[in-house]
1. Treat each spin label as a single point 7 Å out from the Cα along the C-beta direction, and report the Ala160 to Glu138 distance in nm.
2. Relative contact order of the range 44-172: what whole-number percent is it, with Cα pairs under 8 angstrom and at least 6 residues apart?
3. Using a 7 Å offset from Cα along Cα-Cβ at Asp66, what residues in the range 1-41 end up with backbone N under 18 Å from the label point?
4. Give the aspartates and glutamates reachable from Lys70 as a straight Cα distance under 13 Å; neighbours fewer than 8 places away on the same chain don't count.
5. Can you compute 3J(HN,Hα) from phi for each residue in the range 7-18, using the Karplus curve 6.51 cos²θ - 1.76 cosθ + 1.60 with θ = phi - 60°, rounded to whole Hz and x for Gly and Pro?
6. Cα to Cα, under 12 Å, and not fewer than 8 places away if on the same chain: which aspartates and glutamates meet these conditions relative to Lys101?
7. Put a dot 7 Å past each Cα toward the Cβ at Gln10 and His43; how far apart are the dots in nm?
8. Return the single residue from Val159, Val11, Val75 with maximal mean-square fluctuation; model: Gaussian network over the chain, springs between Cα atoms under 10 Å.
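Each reported figure results from applying straightforward, stated rules to the coordinates on display, with no laboratory input. A quick note: this is a predicted structure, and the numbers were derived from the prediction, not measured. Positions of Cβ are backbone-derived with ideal geometry, glycine not excepted, and every protein chain shown enters the neighbour counts.
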Amino acid sequence: MARNVEIKAQVDSLAAIEPLAAAMSGQEPVVIEQDDTFFACTHGRMKLREFANGKGELIFYRRADDTGPKESFYVISPTDSPDTLRQALAMAYGTIGRVKKQRMLFLTGRTRIHLDRVEGLGEFLELEVVLQDGESPEAGMEEARTLMAGLGVSPEQLVAGAYLDLQASRRP
């Protein structure tokens, strides 16, 4: 199973972070519209991500819902039929929520820098440091902390859980 180290932080302004991420990356960002449907899952999280081009990915992942850098285990399976797959999974397992966002993706080395505008939640930074087989999570955690500092994100801005959890915590 693939692994990475992740952080998620709520930020005041993606506009302030974007030039820093661009400088680290040395490339223009890729802008991605994402529509994630989450399904009931007893041993982690499962979501179907649909892209604007009609393609999708079924993603299973397992990680602690802590703040701070954390190891995540994941499997991604591409699909050309996200609508019918969503329908089948919803009928089989039930949906537990949906998250829509616009993501600017920057790549720097082995790290994906995500600048996210999440519908109904606000602006966030995510880092995903891809780990090599056998590599300790601590190496990825240190890299995430270094990138956070370079992007001007403090540990106090880190949030636990997934966007889905944040949505649920803000419902009346």
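1. 2.4
2. In percent, rounded to a whole number, it is 20.
3. Under cut-off, by backbone N: 3-9.
4. Glu6, Glu126, Glu128, Glu138, Glu142, Glu143
5. Result, rounded to whole Hz: 9, 9, 9, 7, 10, 7, 8, 5, 4, 6, 8, 3.
6. Lys101 reaches Glu33, Asp35, Asp36, Glu50, Asp116, Glu119, Glu123.
7. 3.4
8. Taking springs between Cα atoms under 10 Å, the residue moving most is Val75.
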